1. What residues from the range 276-318 fall in the zone where the backbone N is under 17 Å from a label point 7 Å along the Cα-to-C-beta line of M256?
2. 7 Å from Cα along Cα→Cβ at both S93 and R267: what's the point-to-point distance in nm?
3. Using label points projected 7 Å from each Cα along Cα→Cβ, tell me how many nm separate R59 and T212, to one decimal.
4. So how strong a dipole does the range 1-156 carry about its Cα centre when Lys and Arg Cβ are +1 and Asp and Glu Cβ are -1, to the nearest 20 debye?
5. Under a crude label model (7 Å from the Cα following the beta-carbon direction), how far is A188 from E296 in nanometres?
6. Using per-residue counts of other Cβ atoms within 10 Å, averaged over each peptide, order 205-212, 219-226 from highest down.
7. Could you tell me how many degrees, from 0 to 90 and to the nearest 10, lie between the Cα long axis of helix 188-198 and the main elongation axis, the longest principal axis, of the Cα atoms of the chain?
8. Tell me which of A46, L141, L108 sits at the most positive position along the dipole axis of the range 40-194, charges placed on C-beta atoms (Lys, Arg +1; Asp, Glu -1).
Amino acid sequence: MPSLRELGEVEAIRRLISDRGEAAGVIVGAGDDAAVLRLDQGCDLAITTDALVEGRHYRAEWMTPAEIGARLAAANLSDLAAMAARPCWAVASMGVRAEHDADELLELQRGLRAMLGAHGATLVGGNLSGVEGREWFSLTLLGEVARGRAWTRSAARPGDRLAVTGHPGRSQAALELLHRLPERARDAGQRGLIDAWRAPEPRVGLALALATHGHVTAAIDLSDGLAGDLAKLCEASGVGAEVETGGFASDPALEMAAGALEIDVERLRFGASDDYELLLAVEPGGRETCTRVARELGVPLAFIGRLSDRPGVIEAVTGAERRPISGMGFDHFAR
Ligand SMILES: [Mg+2]
């Protein structure tokens, strides 16, 4: 188990590269000054990037190196899913301390590659930098989408239905549990939430399947929380939204965690939470098809409301009661 200092940069990079595979569309892969890639004809290129910073997005004692790599891949895959783009290639940039165990870095890269590979993407290059303080891992992911067919945040229309995958709020619940409840005090349901947090499932397959039907008018992935990301979609599209609180599937795991943490369950559901789920605007006639496609893929999809012609007005509706839910999202630079 040599450290990077003991191994040296050249050998560390050699090991990282030799651990990577071949992939479609790669004309020149890792090991040269740049990768050379070939898009399918008739495709647009979709690009996203995201990073995990030690202490900010993860703590080494919370997850294995492979889980850190997988979560980094998932954050980027989720962004491409929100564009209905097929993930193809990625480059990773890592800021690591000289004491970092080289085998653990390889394990992190394996977790990253496995998550990318599960969704059709390959690591084709990267960069290694030495840091003194906090470590960070950044990924840039490239994907293909048929020309002019990428989903955006800006094409939703009043009257479109709002749908969300999975169970928003669970990620924040898991983080709160990790921070506040010692491991021995956690029950099976709480451990399940934390396990799911360590291995998120980006909704790439569902997005690609839904895109073939054409009913989704706009999309965003949930990385800052349902209320915050809904506000971004609404702003980009110039619409408002009414969220029916009764539209969510019941989520006993979230409710139990909310109880143990003494947090209002709606605070978790709407507030800051990087769930890597998809929030979709669906034309009114597309609901049945989207529901069927999601069911066939085994992805939970709940219809939770509609978009309105009142820009900036984003409300939760429970029976006759309405209240605003803006301002609940995550802000990296707040506080
Ligand atoms: Mg996003």
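1. none
2. 3.7 nm
3. Distance between the two pseudo-spin positions: 4.5 nm.
4. Result for the range 1-156 is approximately 640 debye, rounded to the nearest 20.
5. About 3.4 nm separates the two model spin labels.
6. On the way: 205-212: 20.2, 219-226: 24.6.
Result, highest mean first: 219-226, 205-212.
7. 60 degrees
8. A46
Every number in this text was worked out from the coordinates using simple rules, so none of it is lab data. Just so you know, these numbers come straight off a predicted model, no measurement behind them. Counting neighbours? That spans all protein chains shown, and the Cβs are built from the backbone with ideal geometry, glycine included.
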